[in-house]
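The values are calculated or read from the model by the stated rules, or taken from the named source; none is laboratory data. Because the structure is predicted, anything quoted here is derived from the model rather than measured. Glycine gets a Cβ as well: all are built from the backbone with ideal geometry, and neighbour counts include every protein chain shown.
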Amino acid sequence: MSWLNQIDLNLEKFLLFTLVLTRVGGLTMTAPIYGTKDVPMQVRAFLAVALAVLIVPTQWHVTVDYPGSIVNYLVFLGSEIVIGACLGLGIVILFSGIQLAGLVMGRISGMMLADVFDPNLEASVPTFSRVLFMVSMAIFVCIGGHRMVMAGLLDTFQTIP
(Lines give C-alpha, C1' and ligand atoms only; values in the text may rest on other atoms or scores of the structure.)
Protein backbone atom coordinates (compact mmCIF):
# COMPACT_ATOMS: atom_id res chain seq x y z
CA MET A 1 0.00 0.00 0.00
CA SER A 2 2.97 2.35 0.30
CA TRP A 3 3.19 2.75 -3.48
CA LEU A 4 -0.40 4.05 -3.55
CA ASN A 5 0.53 6.70 -1.00
CA GLN A 6 3.54 7.60 -3.16
CA ILE A 7 1.30 8.01 -6.23
CA ASP A 8 -1.04 10.29 -4.26
CA LEU A 9 1.91 12.37 -3.06
CA ASN A 10 3.31 12.68 -6.58
CA LEU A 11 -0.12 13.64 -7.94
CA GLU A 12 -0.46 16.34 -5.29
CA LYS A 13 2.99 17.72 -6.15
CA PHE A 14 2.15 17.63 -9.86
CA LEU A 15 -1.09 19.55 -9.26
CA LEU A 16 0.83 22.08 -7.17
CA PHE A 17 3.44 22.48 -9.91
CA THR A 18 0.84 23.04 -12.63
CA LEU A 19 -1.01 25.61 -10.52
CA VAL A 20 2.22 27.49 -9.75
CA LEU A 21 3.24 27.27 -13.41
CA THR A 22 -0.03 28.81 -14.59
CA ARG A 23 0.26 31.69 -12.11
CA VAL A 24 3.86 32.38 -13.13
CA GLY A 25 2.90 31.92 -16.79
CA GLY A 26 0.20 34.56 -16.46
CA LEU A 27 2.80 36.99 -15.17
CA THR A 28 5.45 36.19 -17.76
CA MET A 29 2.96 36.57 -20.59
CA THR A 30 1.72 40.01 -19.52
CA ALA A 31 4.53 41.79 -17.62
CA PRO A 32 6.28 44.53 -19.62
CA ILE A 33 9.83 43.17 -19.38
CA TYR A 34 9.02 39.50 -19.86
CA GLY A 35 5.87 39.64 -21.94
CA THR A 36 6.79 41.89 -24.84
CA LYS A 37 6.98 40.67 -28.41
CA ASP A 38 10.72 41.33 -28.31
CA VAL A 39 11.10 38.28 -26.05
CA PRO A 40 10.41 35.03 -27.96
CA MET A 41 7.62 32.77 -26.74
CA GLN A 42 10.09 29.93 -26.05
CA VAL A 43 12.12 32.17 -23.74
CA ARG A 44 8.98 33.25 -21.88
CA ALA A 45 7.87 29.63 -21.51
CA PHE A 46 11.32 28.59 -20.29
CA LEU A 47 11.33 31.48 -17.81
CA ALA A 48 7.90 30.46 -16.51
CA VAL A 49 8.97 26.82 -16.05
CA ALA A 50 12.25 27.83 -14.41
CA LEU A 51 10.51 30.18 -11.98
CA ALA A 52 7.87 27.55 -11.21
CA VAL A 53 10.60 24.99 -10.46
CA LEU A 54 12.18 27.50 -8.06
CA ILE A 55 8.90 28.48 -6.38
CA VAL A 56 7.30 25.03 -5.94
CA PRO A 57 9.68 23.85 -3.17
CA THR A 58 8.67 26.86 -1.09
CA GLN A 59 5.04 25.75 -1.36
CA TRP A 60 5.30 22.08 -0.27
CA HIS A 61 3.40 22.88 2.93
CA VAL A 62 0.32 23.96 0.94
CA THR A 63 -2.29 21.25 0.64
CA VAL A 64 -3.88 21.08 -2.76
CA ASP A 65 -7.54 20.12 -2.89
CA TYR A 66 -8.07 17.38 -5.42
CA PRO A 67 -10.36 18.64 -8.15
CA GLY A 68 -13.30 16.33 -8.54
CA SER A 69 -13.42 16.76 -12.29
CA ILE A 70 -11.64 18.33 -15.22
CA VAL A 71 -13.99 21.32 -15.01
CA ASN A 72 -12.94 22.06 -11.42
CA TYR A 73 -9.29 21.70 -12.40
CA LEU A 74 -9.77 24.13 -15.29
CA VAL A 75 -11.42 26.58 -12.88
CA PHE A 76 -8.37 26.29 -10.59
CA LEU A 77 -6.06 26.90 -13.55
CA GLY A 78 -8.16 29.85 -14.71
CA SER A 79 -8.06 31.50 -11.30
CA GLU A 80 -4.28 31.05 -11.11
CA ILE A 81 -3.69 32.56 -14.54
CA VAL A 82 -5.94 35.51 -13.67
CA ILE A 83 -3.91 36.19 -10.51
CA GLY A 84 -0.64 36.18 -12.44
CA ALA A 85 -2.07 38.22 -15.31
CA CYS A 86 -3.48 40.84 -12.92
CA LEU A 87 -0.04 41.32 -11.41
CA GLY A 88 1.51 41.74 -14.84
CA LEU A 89 -1.27 43.98 -16.15
CA GLY A 90 -0.91 46.28 -13.16
CA ILE A 91 2.63 47.00 -14.29
CA VAL A 92 1.52 47.34 -17.91
CA ILE A 93 -0.94 50.05 -16.85
CA LEU A 94 1.92 51.99 -15.24
CA PHE A 95 4.06 51.87 -18.38
CA SER A 96 1.08 52.63 -20.62
CA GLY A 97 0.54 55.80 -18.61
CA ILE A 98 4.16 56.76 -19.22
CA GLN A 99 3.70 56.13 -22.95
CA LEU A 100 0.55 58.23 -22.94
CA ALA A 101 2.45 61.05 -21.25
CA GLY A 102 5.09 60.78 -23.97
CA LEU A 103 2.38 60.91 -26.61
CA VAL A 104 0.94 64.09 -25.13
CA MET A 105 4.40 65.67 -24.82
CA GLY A 106 5.20 64.75 -28.40
CA ARG A 107 1.95 66.22 -29.65
CA ILE A 108 2.41 69.44 -27.71
CA SER A 109 6.02 69.88 -28.81
CA GLY A 110 5.21 69.21 -32.46
CA MET A 111 7.20 65.99 -32.78
CA MET A 112 4.24 63.96 -34.02
CA LEU A 113 5.65 63.83 -37.54
CA ALA A 114 8.35 61.37 -36.55
CA ASP A 115 6.31 58.26 -35.80
CA VAL A 116 7.84 54.81 -35.35
CA PHE A 117 5.99 51.50 -35.71
CA ASP A 118 5.83 49.72 -32.34
CA PRO A 119 5.39 45.95 -32.76
CA ASN A 120 4.18 45.56 -29.16
CA LEU A 121 1.27 47.92 -29.68
CA GLU A 122 0.94 47.13 -33.40
CA ALA A 123 0.55 50.85 -34.10
CA SER A 124 2.58 53.92 -34.92
CA VAL A 125 4.00 55.53 -31.81
CA PRO A 126 5.69 58.93 -31.64
CA THR A 127 9.44 58.79 -31.17
CA PHE A 128 9.24 60.87 -28.00
CA SER A 129 6.81 58.38 -26.47
CA ARG A 130 9.03 55.44 -27.42
CA VAL A 131 12.14 57.09 -25.94
CA LEU A 132 10.29 57.94 -22.73
CA PHE A 133 9.08 54.33 -22.49
CA MET A 134 12.60 52.95 -22.98
CA VAL A 135 14.07 55.34 -20.39
CA SER A 136 11.36 54.44 -17.88
CA MET A 137 11.94 50.74 -18.54
CA ALA A 138 15.68 51.22 -17.93
CA ILE A 139 14.98 53.09 -14.70
CA PHE A 140 12.57 50.33 -13.67
CA VAL A 141 15.29 47.72 -14.10
CA CYS A 142 17.95 49.92 -12.44
CA ILE A 143 15.88 50.40 -9.28
CA GLY A 144 15.21 46.67 -9.11
CA GLY A 145 11.62 46.73 -10.30
CA HIS A 146 11.95 43.32 -11.90
CA ARG A 147 12.98 41.90 -8.52
CA MET A 148 10.07 43.69 -6.85
CA VAL A 149 7.72 42.05 -9.35
CA MET A 150 9.13 38.63 -8.44
CA ALA A 151 8.81 39.47 -4.73
CA GLY A 152 5.21 40.47 -5.37
CA LEU A 153 4.63 37.18 -7.15
CA LEU A 154 6.02 35.29 -4.16
CA ASP A 155 3.81 37.34 -1.85
CA THR A 156 0.74 36.27 -3.80
CA PHE A 157 1.47 32.68 -2.78
CA GLN A 158 1.31 33.75 0.87
CA THR A 159 -1.85 35.85 0.59
CA ILE A 160 -3.71 33.79 -2.03
CA PRO A 161 -2.43 30.20 -1.69
*Can LEU74 be described as in contact with a Gly (Cβ under 8 Å, 6 or more places away or on another chain) and either without any contact (Cβ under 8 Å) to a residue 12 or more places away in the chain or closer than 30 Å to PRO126 by Cα (or both)?*
no
*Applying the selection to the range 34-61, what residues are under 21 Å from ALA85 (Cβ atoms) and at pLDDT below 85?*
TYR34, GLY35, THR36, LYS37, ASP38, VAL39, GLN59
*Kindly indicate whether any position in the range 69-82 is assigned to a loop (DSSP other than H, G, I, E, B) and at pLDDT below 90.*
yes
_Any pair with Cβ under 7 angstrom, 6 or more apart, that starts in the range 142-154 at a residue that is closer than 16 Å to PHE95 by Cβ and ends at one that is assigned to a helix (DSSP H, G or I)_ = VAL149/ILE91; GLY152/LEU87
*Meets criteria (touching a residue at least 12 places away in the same chain (Cβ under 8 Å), outside any loop (DSSP other than H, G, I, E, B) and under 21 Å from VAL149 (Cα atoms)) for GLY106*: no
